[in-house]
Structure formats: C-alpha cells, structure tokens
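Note sheet for the following structure.
The values are calculated or read from the model by the stated rules, or taken from the named source; none is laboratory data. These numbers were taken from a predicted model, which means no experiment stands behind them. Here the Cβ positions follow ideal geometry from the backbone for every residue, glycine too, while neighbour counts run over all protein chains shown. Only protein heavy atoms, including side chains, enter the accessible area calculation; ligands, DNA and RNA are left aside. Shrake-Rupley method; radii C 1.70, N 1.55, O 1.52, S 1.80 Å.
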Amino acid sequence: MQLKLAHRREKFCCLLFLDIDGLKHINDTLGHEVVNRIVSRRQEAEGRRQKGKASL
C-alpha cells in the first residue's frame with residue numbers, strides 16, 4: 001500500500017529490516033513500547049552514522 005502511494009505521489013519509499021539480537025526476548029518480557037524505543041534509537045544512530053559517511 002505504501003509503495004503504491006509513493007509511486008502515485010512520485011515519492012521514494014523505504015523498507016527497513018532490522019535484525020537486533022535478543023529483540024524477541026525483550027518484546028516478550030518488556031513489551032512493544034520498549035522495543036519501539038530500541039528500534040527508534042537504533043535508526044537514529046544509523047542515520048547519524050550514514051550522515052557522517054556522506055560528509056567525508
């Protein structure tokens with residue numbers, strides 16, 4: 001659905017797969033909210049890392 005919307009609006013769309021060790025255990029014990037925060041922080045860190053590479 002998002003790909004079709006992006007195509008119709010002539011925009012880019014990105015799909016991200018993350019493989020974070022122990023994520024299922026964290027989700028099962030601490031819940032989705034904690035996992036969402038972990039994933040969000042991981043995305044921010046990766047964005048900073050990529051931005052640093054782009055400026056080289």
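Probing with 1.4 Å while keeping every protein chain in the model, the per residue accessible area of the chain equals 101 Å².
Using only side-chain charges placed at the Cβ, +1 for Lys and Arg and -1 for Asp and Glu, the dipole size of the chain relative to its Cα centre rounds to 400 debye. The apolar share of the surface of the chain, taken as the fraction of accessible area on carbon and sulfur atoms (1.4 Å probe, ligands and nucleic acids excluded), comes to 56 percent.
Counting heavy atoms of the protein chains alone, LYS53 has an accessible area of about 110 Å² for a 1.4 Å probe. With θ taken as phi - 60° and the Karplus curve 6.51 cos²θ - 1.76 cosθ + 1.60 applied, the whole-hertz 3J(HN,Hα) list for segment 39-45 is 4, 4, 5, 5, 5, 4, 5 Hz, x standing for glycine and proline. Based on DSSP H segments of at least four residues, each scored -39500 (n - 2.57), the chain has a per-residue ellipticity at 222 nm of -21500 deg cm²/dmol. Look at (i) 27, 63, 9; (ii) 20, 31, 34, 14, 0; (iii) 23, 62, 15, 1: the one that is P(r) over Cα pairs in 10 Å bins from 0, in percent derived from this structure is (ii).
Between GLN2, ILE26, PHE12, the Cα set farthest toward the positive side of the dipole of the chain (charges on each charged residue's Cβ, about the Cα centre) is that of PHE12.
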